[in-house]
Amino acid sequence: MLPHAADDISRDGKSLILAYDHGLEHGPVDFEPNPDTADPERVFELATHEAVTSLAVQKGLAEAYYPHYEDEVNLLLKLNGTSNLWMGEPDSAVNCTAEYAAELGADAVGFTVYGGSNHEVEMAEEFREAQEGARAHDMAVVMWSYPRGQGLRNDGSPDVISYGARLGLELGADVVKVKYPGSAEAMGDAVEMAGPADVVMSGGTMRDDEAFLRNVSNAIDAGATGIAVGRNVFQRDEPERILDALEAVIFDEVDPAEALAI
Ligand code: FBP
């Protein structure tokens with residue numbers, strides 16, 4: 001791993017990745033709670049909030065909007081991704097090369113690997129090409145490490161999440177994004193398995209403010225370096241308010257109740 005490879009997408013070693021690839025991964029249903037968020041411009045604007053250390057989007061949004069935001073937003077270009085319009089073992093199409101991501105001005109690339117899927121071998125090989133391409137262009141590599149597939153009985157169990165974190169380290173990610181495993185202790189195990197790679201938790205479906213921030217705070221206490229979050233921010237009526245609170249919890253390690261009162 002390159003030393004400090006993730007510096008371009010972090011602040012004091014911590015990160016808040018705003019994820020906005022949902023239009024591809026889940027479709028318009030994710031914009032229903034807050035219909036204005038179907039407009040990418042709204043979320044690029046949100047990414048200029050000082051809490052946000054990078055914005056994760058697919059190539060099409062980067063081509064259309066990033067030229068207007070390159071001075072204010074760090075771009076994390078997702079290189080693979082898929083819709084949920086089809087059925088089958090988890091898999092993801094490679095939609096962009098690392099070389100083209102660099103051309104678009106990306107600071108980092110993102111790549112999903114579904115460990116445990118019947119397509120894991122091909123996905124790991126595709127990740128190898130993306131990771132080596134990113135190294136050639138000095139871009140950090142963020143792995144969405146989401147073990148799932150017919151061979152896994154419980155893809156949310158702490159052991160499986162720790163394995164996902166380790167998979168990120170073994171395959172050369174600088175940052176591994178994992179689901180929150182349910183407790184600070186389990187998150188600590190995942191962080192230990194990831195070694196020198198940073199671990200960030202994913203946001204998940206929209207939750208009550210304090211419960212959500214409590215999980216983030218537990219993750220930070222356990223050694224995670226931040227969060228990659230989409231719905232829990234952009235689906236809210238006042239997304240800036242939760243970003244303010246997340247900033248306090250992640251970067252200043254403020255207690256969640258206090259962070260919400262700021
Ligand atoms: P959320 O914070 O909204 O969960 O977004 C994180 C993320 O990884 C997105 O980047 C991606 O679109 C989505 O979750 C995928 O979720 P899943 O595959 O679990 O449906």
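The values are calculated or read from the model by the stated rules, or taken from the named source; none is laboratory data. Since the model is a prediction, treat every value here as computed from it, not as a measurement. Neighbour counts run over all protein chains shown; Cβ positions are idealised from the backbone, glycine included. Protein only, heavy atoms only, side chains kept; ligands, DNA and RNA dropped before computing areas. Shrake-Rupley method; radii C 1.70, N 1.55, O 1.52, S 1.80 Å.
Computed quantities for the displayed model
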item: In the stretch 66-92, the residues that are closer than 17 Å to GLU122 by Cα and either crowded, with 18+ Cβ neighbours inside 10 Å or touching a residue at least 12 places away in the same chain (Cβ under 8 Å) (or both); result: LEU79, ASN80, GLY81, THR82, GLU89, PRO90, ASP91, SER92
item: Scope the stretch 1-12; condition surrounded by fewer than 20 Cβ atoms within 10 Å (Cβ to Cβ) and either more than 26 Å from ALA248 (Cα to Cα) or touching an Asp or Glu at 6+ places or on another chain (Cβ under 8 Å) (or both); matching residues; result: MET1, LEU2, PRO3, ASP8
item: Qualifying residue in the stretch 22-32 (condition: modelled with pLDDT of 95 or more, more than 15 Å from the ligand (Cβ to nearest atom) and touching a strand residue (DSSP E or B) at 6+ places or on another chain (Cβ under 6 Å)); result: no
item: Close pairs (7 angstrom Cβ cut-off, 6 or more residues apart or separate chains): without any contact (Cβ under 8 Å) to a residue 60 or more places away in the chain and closer than 21 Å to ALA261 by Cα in the stretch 204-230, within 15 Å of the ligand (Cβ to nearest atom) and assigned to a loop (DSSP other than H, G, I, E, B) anywhere; result: ASN215/TYR180; ALA219/TYR180
item: Yes/no for GLU63 being open to solvent by 80 Å² or more (accessible area, probe 1.4 Å) and away from the ligand (no atom under 15 Å from the Cβ); result: yes
item: Selection count, the stretch 209-239, where residues are of a type outside the set (Val, Ile, Thr) and part of a loop (DSSP other than H, G, I, E, B); result: 8
item: Test set (1) within 16 Å of the ligand (Cβ to nearest atom); (2) farther than 14 Å from LEU243 by Cβ - GLY13 fails condition number; result: (1)
item: Count of the stretch 141-178 residues which are surrounded by fewer than 20 Cβ atoms within 10 Å (Cβ to Cβ) and assigned to a loop (DSSP other than H, G, I, E, B); result: 11
